[in-house]
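**Q** Handing you a structure now.
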């Protein structure tokens, strides 16, 4: 799972990043409106954590931009502004949740997980796809009721593929999802092939059908 944090309070941002990355959530951070707009235009995220009060503008403008671009990210407003009008405006523009500062980091993590489940997996904690079952809480994957062991990257890749089933995912999109900003620094995306190969092997070795289809010259797609 990949999150974009838009927050200008440095200490709070560092605390949030430290906490949610322990939960295996990749977090990118920007502190102003201009940088946030660039990120949203260039990349996709599972969830955006949005402060309404930014040094160069209002977070409301970010919500308007997301709506214009027809992006599918879940958005959680995290702001000290607790006026009803701000909350209503944010929710009317497509925000999925609102959390007033100060808040407990554990609660923020729970809200992130809830929004992603609602957006990607119809609010369920357990995902089933034919012979595959995934428990999002325990991060356990079973094939034909037998538990298989995946690395963190393989687990994230499996969720990304299933969450976007029947869509062709480019290698660059997969690289960005797994590595965030660092993907732009890589000379190539050969590591994606290695993760795909290992995930396919672990699934098929347990008598799972091969749902990962290679779209040559483009990327990969999860389909029956």
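The values are calculated or read from the model by the stated rules, or taken from the named source; none is laboratory data. Only a predicted model underlies this, so the values are computations on that prediction, with no experimental measurement involved. Glycine also receives a Cβ, built like all others from the backbone with ideal geometry; neighbour counts cover every protein chain displayed.
**Q** Mind checking whether some residue in segment 17-32 is in the same structural domain as residue 109 (by TED's automatic domain parsing), more than 20 Å from residue 115 (Cα to Cα) and touching a helix residue (DSSP H, G or I) at 6+ places or on another chain (Cβ under 8 Å)?
**A** Scanning segment 17-32, I find at least one residue that is in the same structural domain as residue 109 (by TED's automatic domain parsing), more than 20 Å from residue 115 (Cα to Cα) and touching a helix residue (DSSP H, G or I) at 6+ places or on another chain (Cβ under 8 Å), so the answer is yes.
**Q** What are the residues in segment 40-59 that are crowded, with 18+ Cβ neighbours inside 10 Å and either in a helix (DSSP H, G or I) or touching a residue at least 40 places away in the same chain (Cβ under 8 Å) (or both), if any?
**A** 40, 43, 45, 46, 47, 48, 49, 50, 51, 54, 59
**Q** Here is a list of conditions, (1) over 23 Å from residue 76 (Cβ atoms); (2) touching a helix residue (DSSP H, G or I) at 6+ places or on another chain (Cβ under 8 Å); (3) surrounded by fewer than 18 Cβ atoms within 10 Å (Cβ to Cβ), and residue 121 meets all of them except one; can you say which number that is?
**A** Condition (1) is where residue 121 drops out.
**Q** Still on this structure, please answer the following. Inside segment 194-218, can you point out the residues that are at positive phi and touching a strand residue (DSSP E or B) at 6+ places or on another chain (Cβ under 9 Å)?
**A** Answer for segment 194-218, where residues must be at positive phi and touching a strand residue (DSSP E or B) at 6+ places or on another chain (Cβ under 9 Å): just 207.
**Q** Okay, moving on. Within the group 150, 146, which residue is surrounded by 15 or more Cβ atoms within 10 Å (Cβ to Cβ) and either in contact with a helix residue (DSSP H, G or I) (Cβ under 6 Å, 6 or more places away or on another chain) or within 25 Å of residue 117 (Cβ to Cβ) (or both)?
**A** Of 150, 146, the one residue that is surrounded by 15 or more Cβ atoms within 10 Å (Cβ to Cβ) and either in contact with a helix residue (DSSP H, G or I) (Cβ under 6 Å, 6 or more places away or on another chain) or within 25 Å of residue 117 (Cβ to Cβ) (or both) is 150.
**Q** Looking at segment 134-151, is at least one residue touching a strand residue (DSSP E or B) at 6+ places or on another chain (Cβ under 9 Å), within 23 Å of residue 16 (Cβ to Cβ) and modelled with pLDDT under 90?
**A** Yes, segment 134-151 has at least one match.
**Q** A follow-up question, please. If you scan segment 9-39, which residues turn out to be without any contact (Cβ under 8 Å) to a residue 40 or more places away in the chain and part of a loop (DSSP other than H, G, I, E, B)?
**A** Matches in segment 9-39: 22, 31, 32.
**Q** Is there a residue in segment 79-101 that is assigned to a helix (DSSP H, G or I), modelled with pLDDT of 90 or more, under 25 Å from residue 160 (Cβ atoms) and not assigned by TED's automatic domain parsing to the domain that holds residue 207?
**A** no
Condition check ((1) modelled with pLDDT of 85 or more; (2) not in a loop (DSSP other than H, G, I, E, B)) across all residues:
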{"residue": "156", "(1), (2)": "yes, yes"}
{"residue": "167", "(1), (2)": "yes, no"}
{"residue": "175", "(1), (2)": "yes, yes"}
{"residue": "181", "(1), (2)": "no, yes"}
{"residue": "193", "(1), (2)": "yes, yes"}
{"residue": "196", "(1), (2)": "yes, yes"}
{"residue": "199", "(1), (2)": "yes, yes"}
{"residue": "210", "(1), (2)": "yes, no"}
